[in-house]
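**Student:** Here's a structure for you.
The values are calculated or read from the model by the stated rules, or taken from the named source; none is laboratory data. This one's a predicted model, so the numbers in the text were calculated from it and none came from an experiment. Glycine gets a Cβ as well: all are built from the backbone with ideal geometry, and neighbour counts include every protein chain shown. Surface areas here come from the heavy atoms of the whole protein model, side chains and all, with no ligands, DNA or RNA. Shrake-Rupley method; radii C 1.70, N 1.55, O 1.52, S 1.80 Å.
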Amino acid sequence: MRDRLNEIGRAESKLGAFKAEVLAELSRRDSKSAAERAAREQLQSSRRDAQRDVEAAERLSALEETSQALGDGQIPVGHARLIARAASEGPIDQTFLVEAARHQGFDQFAKTMRRHQQEMSDDDGQSIHDRQHNNRTARAFTSRETGMFILSSEFDPVTGAKIDTALAIKERELWNAEDPNARRTPQQRMADALAELILEPEKGKAHGTALMVVADYDVINQELINARLADSTPIPMDELVRLACDADLLPGVFRAATQEMNLGRKRRTASDRQRAALIYRDKQCIGCGASAHRCFAHHVQFWRNGGPTDFANLVLVCNKCHHNIHDEHWQVTRNSQTGRWETKPQPDPFPDCGASSSRSYERNAILIS
Ligand SMILES: [Zn+2]
């Protein structure tokens, strides 16, 4: 089955390349709108998909290496589209990106791409940030299909991280006030948090609203470099300076402060400094990748079994993964190759009945939230 999937993936890439070739040719011979119309008529595509396909096709036709790799079935369509879009936004090194696209999953590749665009830009990514800021958008409407009110918006990463932090803190508040036997789903909780933030602003900004930004210190040149958000999204140094101007700064020279990183059995909950260091190291929930704002520190060796509140004994997990660890006995282990912490379900006691698939499905469901 795995081999078949692999074959299907390669075939999809080849078909994608073929489709892009035809659409680009139609657009070249006639016009962009003629190519879009053809896609709508012949492929029964929606207006939006047709536009997207033709746009990607035109961009790809200018990228020989990427089109070649796609046509050979070596990189997935989604990866090729990302490269094509990045090329339209600024300078890229196609060879480097195609190589990365060959073996990286989509999420990892998208990260590689963002980092790459930042590195290739000649203004420390300021123009990328400005464009993202410029492209901010929001829509509010009632769905004809369901009658539900839909709120949808896009922000630049810095504004986004601020909003996400405020949302996560409100969600934590709601979680704390919930009856543990009748919990909302994470999606319901986020919706309620959003509604409360908008409708009841007098309830005020929750305490502890802190946005985590990280930078490295270049000892030789004595300057901060490589500014980024907690999840590694790169940001221009100027943005960091702007943020620092109205922020409480927690100097995070973590290694120098080992004393404070090991609290032993003195207290059960992690200190602010430990939490910051954990966000720096783990970046997100080690189990499902949920945003660090929605995570807390978990003792690898349980507190009740004598585990200390030491940095080396703590990992960042979300509520759901915490539940998996304590109630479903998922294991927390350190990957010897990457050095990163991971969670794993217990080995399946009935490997032949297919029970493992439901577990991995459940794990994926978290990603959607
Ligand atoms: Zn999680």
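**Student:** With the crude spin-label approximation of a point 7 Å out along Cα→Cβ, what separation in nm comes out for Thr269 versus Thr233?
**Tutor:** 2.7
**Student:** Once the piece of chain linking Gln94 and Gln42 is laid out straight, how much longer is it, given 0.36 nm per residue of separation minus the C-alpha distance between them?
**Tutor:** Full extension from Gln94 to Gln42 adds 15.6 nm.
**Student:** Separate question: Work out how much length Leu224 to Lys14 would gain on full extension: take 0.36 nm times their residue separation and subtract the Cα-Cα distance, in nm to one decimal.
**Tutor:** So the chain would gain 71.2 nm between Leu224 and Lys14.
**Student:** Please list, ordered by chain and number, the residues whose modelled amide H lies under 5 Å from the amide H of Leu314; skip anything fewer than 5 residues away on the same chain.
**Tutor:** The list, which skips near neighbours in sequence, is Val300.
**Student:** Ok, one more. Excluding residues on the same chain fewer than 8 positions from Lys283, give the lysines whose Cα lies under 28 Å from its Cα.
**Tutor:** Lys111, Lys162, Lys170, Lys205, Lys266, Lys320, Lys344
**Student:** Another question about this same structure. Tell me the carbon and sulfur percent of the accessible area for the chain, rounded to whole percent, probe radius 1.4 Å.
**Tutor:** Percent of accessible area from carbon and sulfur atoms in the chain: 50.
**Student:** Is region 124-206 rounded, prolate or oblate when judged by the Cα gyration tensor, a ≥ b ≥ c being the square roots of its eigenvalues, rounded requiring a/c under 1.5 and prolate requiring a/b larger than b/c?
**Tutor:** oblate
**Student:** Largest first, please: the extent of the C-alpha atoms of the chain along each principal axis, to the nearest Å.
**Tutor:** Dimensions of the chain along the principal axes of its Cα atoms: 74, 59, 47 Å.
**Student:** Still on this structure, I have one more. For region 7-55, what is the accessible area per residue in Å², given a 1.4 Å probe and the full set of protein chains?
**Tutor:** Accessible area per residue, region 7-55: 72 Å².
**Student:** Now, a different point. With charges only on Cβ, +1 for K and R and -1 for D and E, what is the dipole size of region 275-338 about its Cα centre, in debye, rounded to 20?
**Tutor:** Dipole about the Cα centre, nearest 20: 180 debye.
**Student:** Find me the longest stretch of the chain that has none of the exposed GluC sites (Glu not before Pro), where exposed means in a DSSP loop (not H, G, I, E or B) with at most 13 other Cβ atoms within 10 Å.
**Tutor:** Answer from the scan: 179-327.
**Student:** Classify region 29-92 as rounded, prolate or oblate from the Cα gyration tensor: take a ≥ b ≥ c as the square roots of its eigenvalues, call it rounded if a/c is under 1.5, otherwise prolate when a/b beats b/c and oblate if not.
**Tutor:** prolate
**Student:** Say the dipole of the chain comes from +1 at the beta carbon of Lys and Arg and -1 at that of Asp and Glu; which of Leu15, Thr338, Ala38 then lies farthest toward its positive end?
**Tutor:** Result: Thr338, furthest along the dipole toward the positive end.
**Student:** Divide by every residue of the chain the summed helix terms, -39500 (n - 2.57) for each DSSP H run of at least 4, and state the resulting mean residue ellipticity at 222 nm, rounded to the nearest 500 deg cm²/dmol.
**Tutor:** Calculated mean residue ellipticity at 222 nm is -16500 deg cm²/dmol.
**Student:** Under a 10 Å cutoff between Cα atoms, tell me which one of Lys32, Lys170, Lys14 has the largest fluctuation in the Gaussian network model of the chain.
**Tutor:** The residue that fluctuates most here is Lys32.
**Student:** Then there is this: Please list 3J(HN,Hα) in residue order for region 211-226, calculated via the Karplus relation 6.51 cos²θ - 1.76 cosθ + 1.60 where θ = phi - 60°; whole Hz, with x for glycine and proline.
**Tutor:** 9, 8, 10, 10, 8, 9, 9, 8, 5, 5, 8, 6, 8, 7, 9, 6
**Student:** So which trypsin sites (Lys or Arg not before Pro) in region 79-163 end up in coil per DSSP with only 11 or fewer other C-beta atoms within 10 Å?
**Tutor:** Arg144
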